[in-house]
Amino acid sequence: MSGKSSALVLERFGALPRLLERPVPEAQPGQTLVRMLAAQVGHLDLNVVDGKFGILPDLPAVPGTNGAGLVLASDTHPAGSLVRINGKGLGLRRDGCWRSHALVPDATAVPVPEGTDPALACGFFTPAGTAWAAVHSVADVRPGERVLVTGAAGAVGSLTVQVAARAGAEVIGVVGRPAKLDRVPAAAKAVLAGDLTAEAVGGPVDAVVDTVGGPVLRAALGLVRPRGRVALVGYTAGRELTVDLADFLLADVSLLPVNLMTRGREVAVDVDRMLGELAAGELELPVERHRPERLAEAVERLRTGEAVGKVVLDFS
Ligand SMILES: NC(=O)c1ccc[n+]([C@@H]2O[C@H](COP(=O)([O-])OP(=O)(O)OC[C@H]3O[C@@H](n4cnc5c(N)ncnc54)[C@H](OP(=O)(O)O)[C@@H]3O)[C@@H](O)[C@H]2O)c1
């Protein structure tokens, strides 16, 4: 296949990728050539752009850990079918999805139902998988439990609220700014992070799913009953937590990591079902779209927490 394609190319960690023209990659055995329609801009992608993640590519590189597009050529996937793409180091140790045409390992492409919005197809897997893993695999939420979710208007947080409520929990959703109080899914009682007291949340909680980290995690830890669980997902508000070990032992609260990279396979079936529910409007995940030329704006909205839901680059 000949012709031109465009790619956001990262040339230096800490600077934004530049949109460059490139030849369309040649089809190869074991690889699927995809015409990208949408690609996610997530915090992980920004950590890669900043050079602040444990797995980084050699530069120049194309970031983008998640995308969705139409198959142009493949031995495995029918031409014209819609696929979502992630895994196998895409956007980490090999070129990712921030480009109009991508040659990716066959196994990174997963068919999605025809007619699915590509922005949803590229953006749902990470927040849905993380929410499911946090609620069911890590925090092991039981019916009747009280669960506090931070960043509850964010992509992972809003789905976590919905998954926890479906598991039969009473959910409290925490947001950092008043404007987001009404963006918390209706299944939760919404509370401001600045008001995070036992009184405001109606007494101790059984579990926390924290997508924010930093001072919000510290405040949330103090609200968990002894033998309760905190599932830690993210650290947008701060990467560090200082723990007084005597207090930690006395509180008897488990702090547990959620890592979608190690749990992607075990949540795959549930997450694919969630795609159908999202497409049918039974679950909600807001998406905001930006053209690749407007990457800087998309990144700014994600970095400042202004964005609500998933931020997606529209390559269509
Ligand atoms: N562990 C895993 O496997 C895994 C998987 C997916 C995502 N993550 C991580 O989970 C976190 C949330 O991801 P997401 O996709 O839900 O992100 P998101 O949609 O941007 O939500 C993050 C929320 O963090 C809050 N926040 C607090 N301080 C912030 C700051 N200084 N800058 C930006 N946001 C701030 C914002 O809510 P308020 O305005 O309400 O405070 C925002 O809604 C990220 O750190 C991401 O890397 C981890």
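With a ≥ b ≥ c the root eigenvalues of the C-alpha gyration tensor of segment 28-145, is it rounded (a/c under 1.5), prolate (a/b larger than b/c) or oblate? Here segment 28-145 falls in the oblate category. First check a/c for segment 127-260, with a ≥ b ≥ c the square roots of the eigenvalues of its C-alpha gyration tensor; if it is under 1.5, answer rounded, and if not, answer prolate when a/b is larger than b/c or oblate otherwise. It is rounded, given that a/c, with a ≥ b ≥ c, falls under 1.5.
Partner lysines whose Cα lies under 17 Å from the Cα of K180, excluding those fewer than 8 positions away in the same chain, are identified as K189, K310. Put simply, when 126-134, 166-174, 244-252 are sorted by average Cβ atoms within 10 angstrom per residue, most first, you get 126-134, 166-174, 244-252. Near V253, once Lys and Arg are set to +1 and Asp and Glu to -1 for all other residues with Cβ below 15 Å from its Cβ, the sum equals -2. Taking the Cα centroid of segment 1-35 and of segment 36-91, what is the distance between the two, rounded to the nearest whole Å? Rounded to whole Å, the Cα centres lie 11 Å apart. Bridges between two residues of the chain, per DSSP, are antiparallel at a rate of about 55%. Can you tell me how segment 225-304 classifies by the Cα gyration tensor, rounded, prolate or oblate, using a/c under 1.5 as the rounded cut? Cα axes put segment 225-304 in the oblate bin.
Here, the chain has an Rg and a Dmax of 19.8, 65 Å when only alpha carbons are counted. Distances between placed amide hydrogens fall under 5 Å for Q31 paired with D75, D106, all partners being 5 or more residues away or on another chain. Once the 1.4 Å probe is applied to the protein heavy atoms, the chain comes out at 44 Å² accessible per residue.
If both residues of a DSSP beta bridge must be in segment 127-260, then about 0% of such bridges are antiparallel. Note on segment 127-260: with neighbouring protein chains present and a 1.4 Å probe, carbon and sulfur make up 56 percent of its accessible heavy-atom surface. Stretching L249 away from L56 to a fully extended chain increases their span by 65.9 nm, per 0.36 nm per residue minus the current alpha-carbon distance. Of the trypsin sites (Lys or Arg not before Pro) in segment 1-102, the ones in a loop by DSSP (not H, G, I, E or B) with at most 16 other beta carbons within 10 Å are R12, K52, K88, R93. The alpha carbon centroids of segment 239-316 and segment 160-186 are separated by 14 Å.
The values are calculated or read from the model by the stated rules, or taken from the named source; none is laboratory data. Values in this document were obtained by computation on a predicted structure and should not be read as measured data. Methodologically, a virtual Cβ is constructed for each residue, glycine included, from the backbone with ideal geometry; neighbour enumeration extends over all protein chains shown. Side chains included, ligands, DNA and RNA excluded: accessible areas come from the protein's heavy atoms. Shrake-Rupley method; radii C 1.70, N 1.55, O 1.52, S 1.80 Å.
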